[in-house]
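Inspection log for the structure reproduced underneath, given as structure tokens.
The values are calculated or read from the model by the stated rules, or taken from the named source; none is laboratory data. Predicted model, so just to flag it, every value in this text is computed and none were measured. Cβ placement follows ideal geometry from the backbone for every residue including glycine, while neighbour counts extend to all protein chains displayed. SASA here: full protein model, heavy atoms, side chains in, ligands and nucleic acids out. Shrake-Rupley method; radii C 1.70, N 1.55, O 1.52, S 1.80 Å.
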Amino acid sequence: MDIQDLTLDRDGLIAALECNEPAFNEALCKKAYETKVAHIGTDVYLRGLIEISNICAKNCLYCGIRHDNTACTRYELSDEEVLAAATKAARMRYGSVVIQGGERTDAAFVRKITRLLKAIKALPTASEGGIPLGVTLSLGEQPREVYEEWFAAGAHRYLLRIETTNPDLYYKIHPHDALHSHERRLEALQDLKAIGYQAGTGAMIALPWQTAADMADDLLFYKAFDAPMVGMGPYNPNDETPLTRSGAPLLPDEQRFALGLKMIALLRLLMPDINIASATALEVLSPRGRELGVLAGANVVMPNITPDEQRVKYNLYDRKTLLVKDLMLGESLESGKITIGWGRWGDSLHFQRNKSTHNE
Ligand code: SAM
Ligand code: SF4
């Protein structure tokens with residue numbers, strides 16, 4: 001397939017996803033990178049990732065920290081540990097943090113997040129103009145009132161992946177019970193948007209049984225949802241999960257990686273001014289995975305700043321714990337082609353254009 005023949009309708013996206021010619025894939029990434037630079041420049045924004053807890057009420061069949069995985073040693077960071085990590089992020093001029101964790105809706109946890117949001121907003125900061133750290137939350141589905149409480153406490157971005165837009169596939173990779181509902185997930189995303197969050201979404205790429213048409217539909221969903229930010233990454237197996245144990249079909253590492261880059265590139269062409277994260281799941285498949293994600297059109301990277309002792313227990317998929325420390329990631333990414341938006345929130349230009357924001 002020739003890059004000149006690429007179209008961004010459903011058939012065109014499917015054809016691109018099915019094309020395995022290295023020359024096409026390379027040309028696609030190059031075109032996506034050029035599109036990114038033309039629309040939003042070369043800056044990459046850093047968000048210090050704090051994995052607050054691996055305690056989760058849910059049982060997604062692919063995830064290493066699912067509730068029923070007895071091989072997983074559970075932890076929850078103390079307030080002091082979270083604030084120390086956030087302080088480190090501010091000192092490193094990351095501009096923002098992401099607080100991610102298993103899904104919990106109990107009152108103590110909800111209150112803890114509210115308390116932490118207020119404390120993070122009050123931290124001394126090394127950012128340009130002394131702006132407080134930006135905070136993205138990724139804590140799963142919550143009642144609308146909880147999203148409202150956290151928004152009022154200072155969170156302004158929320159990442160909730162739809163995981164896959166194909167409901168049949170969703171129910172192949174989740175238990176069939178009230179806790180795992182595709183419809184409820186969509187509703188939660190709508191709640192986030194209505195409250196005023198930059199509501200980011202995304203899906204896993206190269207899941208067992210997922211077709212090129214499913215992935216094309218995921219891309220078209222981001223566009224239809226008008227997502228200001230998207231975080232998507234390849235599915236990586238975890239040996240302790242039902243999905244791996246069931247012998248579900250799995251594409252080889254190289255193909256999952258290539259599809260990961262291709263999805264970023266196609267999304268950049270579809271939505272030139274949104275924020276796209278280069279996921280950690282890429283780094284497990286290639287030592288320069290996240291950098292290659294940036295060169296395929298991503299503009300957000302999340303260096304992991306979870307304390308080491310707990311970071312190794314947040315093992316969503318195999319090999320994640322082997323990743324080396326991320327602290328110098330910003331410096332190592334910075335090169336002729338890639339610049340870093342040190343100390344800036346890096347809100348999605350797409351979101352800013354749709355709405356005047358309170359930063360930058
Ligand atoms: N619990 C929250 C939720 O599920 O939205 C946030 C944390 S959860 C660990 C963050 C993301 O990790 C999920 O949305 C899912 O896409 C991804 N994830 C989980 N297991 C994975 C795996 N085996 N391979 C790749 N991504 C995985
Ligand atoms: Fe829990 Fe999120 Fe893992 Fe599902 S993906 S089991 S909700 S941490």
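Observations
- Residue in the range 312-323 that is open to solvent by less than 40 Å² (accessible area, probe 1.4 Å) and touching a Pro at 6+ places or on another chain (Cβ under 9 Å) present: yes
- From the options Leu261, Leu220, Leu269, residue that is assigned to a helix (DSSP H, G or I) and within 16 Å of the chain's Cα centre (by Cα): Leu261
- Where a residue in the range 226-239 is β-branched (Val, Ile, Thr) and its partner, wherever it lies, is assigned to a strand (DSSP E or B) and more than 6 Å from ligand 1 (Cβ to nearest atom), with Cβ under 7 Å and at least six apart: Val230/Gly200; Val230/Thr201; Val230/Ile276
- Among the conditions (1) open to solvent by 20 Å² or more (accessible area, probe 1.4 Å); (2) under 26 Å from Leu267 (Cβ atoms); (3) part of a loop (DSSP other than H, G, I, E, B), Tyr94 misses just one, which is (1).
- Complete set of residues in the range 231-258 that are more than 18 Å from the chain's Cα centre (by Cα) and either open to solvent by less than 10 Å² (accessible area, probe 1.4 Å) or under 20 Å from Glu18 (Cβ atoms) (or both): Asn238, Thr241, Leu243, Pro249, Leu250, Leu251, Pro252, Asp253, Glu254, Gln255
- Residues that are buried (at least 17 other Cβ atoms within 10 Å of the Cβ) and either basic (Lys, Arg) or part of a loop (DSSP other than H, G, I, E, B) (or both), drawn from the range 205-217: Ala206, Leu207, Pro208, Gln210
- Taking (1) more than 30 Å from Ser335 (Cα to Cα); (2) in a helix (DSSP H, G or I); (3) more than 16 Å from ligand 1 (Cβ to nearest atom) in turn, Val82 satisfies each apart from (3).
- Count of residues meeting criterion [within 12 Å of ligand 1 (Cβ to nearest atom) and within 17 Å of Met271 (Cβ to Cβ)] in the range 186-217: 6
- Scanning the range 151-161 for residues that are touching a helix residue (DSSP H, G or I) at 6+ places or on another chain (Cβ under 6 Å) and either within 16 Å of ligand 2 (Cβ to nearest atom) or not hydrophobic (A, V, I, L, M, F, W, C) (or both) yields Gly154, Tyr158, Leu160.
- Within the range 259-290, the set of residues being of a type in the set (D, E, K, R), surrounded by fewer than 22 Cβ atoms within 10 Å (Cβ to Cβ) and modelled with pLDDT under 95 comprises Arg288 only.
- Whichever residue in the range 16-71 is assigned to a helix (DSSP H, G or I) and within 21 Å of Leu207 (Cα to Cα) and, among such residues, is most open to solvent (accessible area, probe 1.4 Å): Glu18
- Yes/no for Tyr33 being in contact with a helix residue (DSSP H, G or I) (Cβ under 6 Å, 6 or more places away or on another chain) and within 16 Å of ligand 2 (Cβ to nearest atom): no
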